[in-house]
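**Q** For reference, the structure I am asking about is given below.
The values are calculated or read from the model by the stated rules, or taken from the named source; none is laboratory data. Bear in mind that the values here come from a model prediction, so they are computed numbers and not experimental data. Every residue, glycine among them, receives a Cβ derived from its backbone with ideal geometry; neighbour counts consider all protein chains shown. With ligands, DNA and RNA removed, areas are computed over all heavy atoms of the protein, side chains included. Shrake-Rupley method; radii C 1.70, N 1.55, O 1.52, S 1.80 Å.
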Amino acid sequence: MSIRVPLLVGAVILIAGLTLSMLLTDYHLRLLNLAALSAIAVIGLNFAFGYAGLISLGHAAFVGAGAYGVALLTTLFAWSPWLALPAAVAGTAVLAMLIGVPLLRLKGHYLALATLGFNVSFSIVAANWIEVTGGTNGISRIPELQIAGHALTDERSYLWFALLVLAVSAAVAALIHGSRHGRAMIAVRDDETASSMTGIDVPRVKLAAFVLSSVYAAVAGGLFAFHMRFISPEDFGYAHSITYLAMLVVGGEGSIVGAILGALLVTFLPEWLRFLGSAYLAFFGLFVLAILIFLPSGLAGIRRPRSFRRHGLMKWPALVAASKEARP
Amino acid sequence: MTDLIQLLINGLAIGSVYALAAIGFVIVYSATGVVNFAAGQFVMFGTFAGVAMLLNAQLPWPVGYGAALLAMALFGALFFVVLYLPLRASPVVTIIIGTVAIGITMQNAALLAFGSWPFRLPSPVESVNLTIAGATISGHAVAVVIVTALMVALLWLLFFRTSLGIGMRAVAQDIKAARLMGLKVNRLLALSWILAALLAGIAGLMLGPMWFADTSMGDPIALKAFAATIIGGFGSLPGAIVGGLFVGLSEVLGASYVSSAYKDLISFGIMILFLLVRPQGVFGERIQDRG
Amino acid sequence: MSLLQATEIAKRYGGLAALADVDLSVGEAEFVAVIGPNGAGKSTLLNVLTGLALPDKGRALLDGWDMTRAATHKRVRGGLGRTFQHGRPFERLSVLENVMTGAAIQSGRSELELRERAMAVLDQMGLAAEAQLPIGSLSYGHRRMVEMCRALACEPRVLLLDEPAAGLNSAEVDQLVDRLTDLRTKHRIAIVLIEHNMGMVMRLAERIIVLNFGCKIAEGTPSEIQSDPAVLSAYLGEGYRHAGV
């Protein structure tokens, strides 16, 4: 792929976000911040699930690992936030590798439940290892980020920073998608046997996709910690993993734009449903279900012509039949 | 020693509830291939159906239980129509998220109807206490184990001694062949959802008196049912029973002998261990990658 | 020494011997066909050679390298290529991207280089016009050609083809025969062909190996095989007529 697409994606994110940041109230800016951070995590999940087809229900644990990483390094060891963030991301990548090597041998719902178990275990440890994590009270007084002496304390300036990171994340993801590594992940999801027969080291590609997704998750988690400046285990429960997956599927799995749209929609949908009063969450579930039923390729699939949906809707038996009919 | 007996009975009682939830989960999974993440909310609905009938409507317990289970059966049929039929051809992840979405709706609908205040469901045998070897055992716990054993026996009769149950097994094994044999496949699939809802209802009614029930109880139960299913063997009914009892026992014994904070790590740790070493579980059925 | 050498390969599935002490040797740029009735063990042999199934017994050497237990992708990097019975291109990738996946076998190539190599292979196999299309829009024959291009982009020295002519019409079969001849003569690629189309086998193969019930019952030139009584009774007696040359 040419360099233009990633640049375009990044530019659109920045321009749209900057325009919005001028128009919205503080409360909505806060939501937009959360949506932008979720979008980073979901773009990461897109590597594991959207490309490589690994059903991970443990993504929130990696977001949590990044968040706890920066929180601990900055509060306990008084590291600079700018040092703590890459360290936490690297630590999360190592964790993902340790988890991934044994777990990625599993497939389908076995992998889903194993990663779910990992997320639940993470929550239990975070909630009970009080000496380190502060238990359910969490960790507070996380320092704010500073850029050239300017502290990112208000929602608007934090949003600008978050959008910048999101734009870079999306552009890098687009580059990877268009590279041999992206193609290898997509190939592995399509057909593992045929992939290995094309010289692809399938376990390694899966692990790479999983670790890459955890790196994005850790970046999102670290930024979440600097944004909220307080974290607790409930921010990273397995329900959040399912939310990330829902964002990806609603937006359109396999698509970076879809990941961003999904993160936006699922973050703002409850707000838009507020007019329903206390019933809004009940309708939220039905709304998501309706999207799954009526837009099976997600929001990003709306304007794509059928022939270009990377879904492999036509399987070979259908094609055999079709080609036989076409013959004179 | 008296402690141990008490703990064992309580563990078996909790485990029975998990086992019933897991059986419902397995029946649906084998018949329809759906990994139902709303399975815990089914149990929650069962408890709150009991709350509605026994506490709110003040029905006598045989009538109240009957009404609650009837409501659950109807709900199972509704779930079949609203979730399974439209999504049956979708990828496994879409179905997972669909069941989660409906689970969110179920939980919040219950929250709207009943509020967040916890309820304690009465039990018909709650004044009965037994003494075994010096240990005081709650009659309800014993009743739960007995009812579960009865349910398992009834299920066995259904699946192996009635044409209806044999038809359901045929559908679970090979849906195309079953259709060719002239079985009314959709009706049997609907029946498996209804059966799952009924089992969850019974589990919920029995769990209500053991816990303070609130509308957020569903998710933890679903997790335990998953762990039970993996440990016992995905898709295996005996596995669901053994797994459920194991999870219940490890939770109760772990809380008292190891650490109440980390009690759940035991079952999830063992679940992950099983996934890594023996993914087909104790009652290893052939692993088929339905995902 | 031969390029691909399998000795005394045995593989059982349950109580059934899918392969019993089968030997196979393929020299450089040689064209060997493996024939036999359905269930004779032909696909199992390819699976053992490519590492998709591990043999119970025997060894497989690729240019002297013992690959009997090596992972599939390492064998491919060592020069082994294969296509599957009904074609398995990657559905989510375009034609060009499919072939670029193969070209990435050598690390360190730039995107531009991958693209050029892939285009060269597509050109050679007559698929250049379809390069940007999604797999879903191709005819069955072209899907199978994409898979062949992908295998060729891996720069194999031995190519294993599992019934490449199945489902193709006679014009497509003729085209396939020409391309396979080119691969061997111009590109010096050795080919192991599993095929039911006897006309194609007899036109192309220098040597034919006949399997039946997992055992090698004959090996020789096409004319030797055609007159081999064991083969005639086991297979050709019936199969030759049906294959309808």
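**Q** Tell me, how many Å apart are the Cα centres for segment A:34-94 and for segment C:53-78?
**A** Taking the Cα centre of segment C:53-78 as reference, the centre of segment A:34-94 is 40 Å away.
**Q** Ignoring ligands, DNA and RNA, please state the percent of accessible area on segment C:97-245 from carbon and sulfur, probe 1.4 Å.
**A** Working: 3140 of 6200 Å².
That share works out to 51 percent.
**Q** A follow-up question, please. Give me a single rounded figure for A:186-196: the average over its residues of other chain Cβ atoms within 10 Å of their Cβ. Please list the in-between numbers first.
**A** Numbers: counts 6, 11, 1, 3, 8, 6, 1, 7, 12, 5, 9.
Taking all residues of A:186-196 together, the mean is 6.
**Q** Could you tell me the relative contact order of segment B:2-216? Use alpha-carbon pairs under 8 Å, at least six residues apart, and round to a whole percent. Don't skip to the answer; put the middle values down first.
**A** Values: 276 pairs, mean separation 90.6, N = 215.
Reported as a whole number, the value is 42 percent.
**Q** When the accessible area of segment A:4-294 is split by element with a 1.4 Å probe, what percent falls to carbon and sulfur? Provide the component values of the computation, followed by the final result.
**A** Details: 7450 of 10530 Å².
Of all accessible area on segment A:4-294, carbon and sulfur atoms account for 71 percent.
**Q** Suppose we keep just the DSSP beta bridges with both residues in the protein assembly as shown; what percent of those would be antiparallel, to 5?
**A** Numbers: 28 of 45 bridges.
DSSP beta bridges in the protein assembly as shown are roughly 60 percent antiparallel.
**Q** Expressed as an acute angle from 0 to 90° and rounded to the nearest 10, what is the orientation of the C-alpha long axis of helix A:202-228 relative to the principal long axis of chain A?
**A** 30 degrees
**Q** Please compute the average number of Cβ atoms from other chains found within 10 Å of each residue's Cβ in peptide C:98-105.
**A** On the way: counts 5, 1, 3, 10, 5, 3, 9, 4.
Per-residue shielding by partner chains comes out at 5.
**Q** While we're here: Quick one: if the Förster radius is 25 Å, what FRET efficiency do residue A:8 and residue C:132 give, using the C-beta to C-beta distance and rounding to 0.05?
**A** On the way: r = 19 Å, r/R0 = 0.77.
According to the calculation, E is roughly 0.80.
**Q** Right, next: Partner chain Cβ atoms within 10 Å, averaged over the residues of A:240-253 - can you pull that number for me? Show your work: numbers first, answer last.
**A** Numbers: counts 0, 0, 7, 3, 0, 5, 8, 1, 2, 7, 3, 0, 0, 3.
Taking the mean over all residues of the peptide, I get 3.
**Q** Sticking with this one: Compare the Cα positions of B:129, B:206, B:86 along the charge dipole of segment B:2-216 (+1 at Cβ of Lys, Arg; -1 at Cβ of Asp, Glu; about the Cα centre) and return the one farthest towards the positive end.
**A** Value: B:86.
**Q** Measuring from label point to label point, each 7 Å out along Cα→Cβ, what is the residue A:168 to residue A:26 span in nm?
**A** 2.8 nm
**Q** Something else about it: If you place +1 on the Cβ of every Lys and Arg, -1 on the Cβ of every Asp and Glu, and leave all else neutral, what size is the dipole of segment A:4-294 about its Cα centre, to the nearest 20 Debye? Walk me through the numbers before you get to the answer.
**A** Working: 13 positive and 13 negative charges, 82 e Å.
Here the size comes out at about 400 debye.
**Q** With a 10 Å radius around each residue's Cβ, average the other Cβ atoms per peptide and rank B:248-258, A:8-18, highest first.
**A** The packing order, highest mean first, is B:248-258, A:8-18.
**Q** If you count, for each residue, the other Cβ atoms within 10 Å and average over each peptide, how do C:90-100, A:182-192, A:160-170 line up from highest to lowest?
**A** Numbers: C:90-100: 25.2, A:182-192: 23.6, A:160-170: 20.6.
The densest-packed peptide leads the list: C:90-100, A:182-192, A:160-170.
**Q** Going by average Cβ density within 10 Å per residue, which order do the peptides A:218-230, A:53-65, B:56-68 take, highest to lowest? Can you show the working numbers first?
**A** On the way: A:218-230: 26.0, A:53-65: 29.3, B:56-68: 15.2.
My ranking of the peptides, most packed first, is A:53-65, A:218-230, B:56-68.
**Q** For the A and B pair, go ahead and give the buried accessible area with a 1.4 Å probe, both sides summed, in Å² to 100.
**A** Working: alone 16600 and 13700 Å², together 26890 Å².
Counting protein atoms only, the buried area is about 3400 Å².
**Q** Tell me the relative contact order for chain C as a rounded percent, counting alpha carbon contacts under 8 Å between residues six or more apart.
**A** Details: 479 pairs, mean separation 63.5, N = 245.
RCO, chain C: 26 percent.
**Q** Of B:33, B:114, B:75, whose Cα points farthest to the positive end of the dipole of chain B (charges on the beta-carbon: +1 Lys, Arg; -1 Asp, Glu; origin at the Cα centre)?
**A** In chain B, that residue is B:33.
**Q** Right, next: Heavy-atom accessible area per residue, the protein assembly as shown, 1.4 Å probe: how many Å²?
**A** Details: 34980 Å² over 864 residues.
Per residue, the protein assembly as shown has 40 Å² of solvent-accessible surface.
**Q** Just from the alpha-carbon atoms, what are the Rg and Dmax of chain C in angstroms?
**A** Cα radius of gyration and Dmax of chain C are 17.8, 55 Å respectively.
**Q** Right, next: Per residue Cα convex hull volume for chain A, in cubic angstrom? Write out the running numbers ahead of the final one.
**A** Values: hull volume 52.7 nm³, N = 328.
Spread over its residues, the Cα hull of chain A gives 161 Å³ apiece.
**Q** On a 24 Å Cα-Cα criterion, which of the cross-link pairs A:206/C:74; C:11/C:216; C:186/C:216 come out too long?
**A** Values: A:206/C:74 17 Å; C:11/C:216 13 Å; C:186/C:216 31 Å.
As for pairs spanning more than 24 Å Cα to Cα, those are C:186/C:216.
**Q** Could you tell me how many degrees, from 0 to 90 and to the nearest 10, lie between the Cα long axis of helix A:26-45 and the main elongation axis, the longest principal axis, of the Cα atoms of chain A?
**A** For helix A:26-45, the angle is close to 50 degrees.
**Q** On C-alpha positions alone, give me the angle between the axis of helix A:4-23 and the longest principal axis of chain A, in degrees, nearest 10.
**A** 40 degrees
**Q** Given Cβ point charges of +1 (Lys, Arg) and -1 (Asp, Glu) and nothing else, what value in debye, to the nearest 20, does the dipole of the protein assembly as shown about its Cα centre take?
**A** Numbers: 61 positive and 52 negative charges, 181 e Å.
The calculated dipole for the protein assembly as shown is roughly 860 debye.
**Q** Right, next: From the residues A:208, A:21, A:89, which one has its Cα farthest along the dipole of segment A:4-294 in the positive direction, the dipole being from +1 and -1 charges on Cβ of Lys/Arg and Asp/Glu about the Cα centre?
**A** Looking along the dipole axis, the top candidate is A:208.
**Q** Under 15 Å Cα-Cα from residue B:224, which aspartates and glutamates qualify once same-chain neighbours fewer than 8 residues away are excluded?
**A** Within reach: B:251, B:264.
**Q** List the extent of the Cα atoms of the protein assembly as shown along each of their three principal axes, largest first, rounded to whole Å.
**A** 92, 76, 52
**Q** Turning to a different aspect of this structure: Take each complete run of DSSP H in chain B, measure how far its Cα atoms stretch along the helix's own axis, and keep only those covering 27 Å or more with mean Kyte-Doolittle hydropathy at least 0.5; list them.
**A** Values: long enough: B:2-32 (45 Å, 1.57); B:92-114 (32 Å, 1.94); B:139-161 (32 Å, 2.15); B:185-207 (33 Å, 1.91); B:237-257 (29 Å, 1.37).
Those that clear 27 Å and a mean of 0.5 are B:2-32, B:92-114, B:139-161, B:185-207, B:237-257.
**Q** Another question, if that's okay. Return a whole-number percent for the relative contact order of segment A:4-294, with Cα pairs under 8 Å and 6 or more residues apart as the contact set.
**A** Numbers: 466 pairs, mean separation 107.9, N = 291.
Result for segment A:4-294 is 37 percent.
**Q** By the gyration tensor of its Cα atoms, with a ≥ b ≥ c the square roots of the eigenvalues, what is the shape of segment C:46-85: rounded for a/c under 1.5, prolate for a/b over b/c, or oblate? Please list the in-between numbers first.
**A** Working: a/c = 1.80, a/b = 1.10, b/c = 1.64.
It comes out oblate by the Cα gyration axes.
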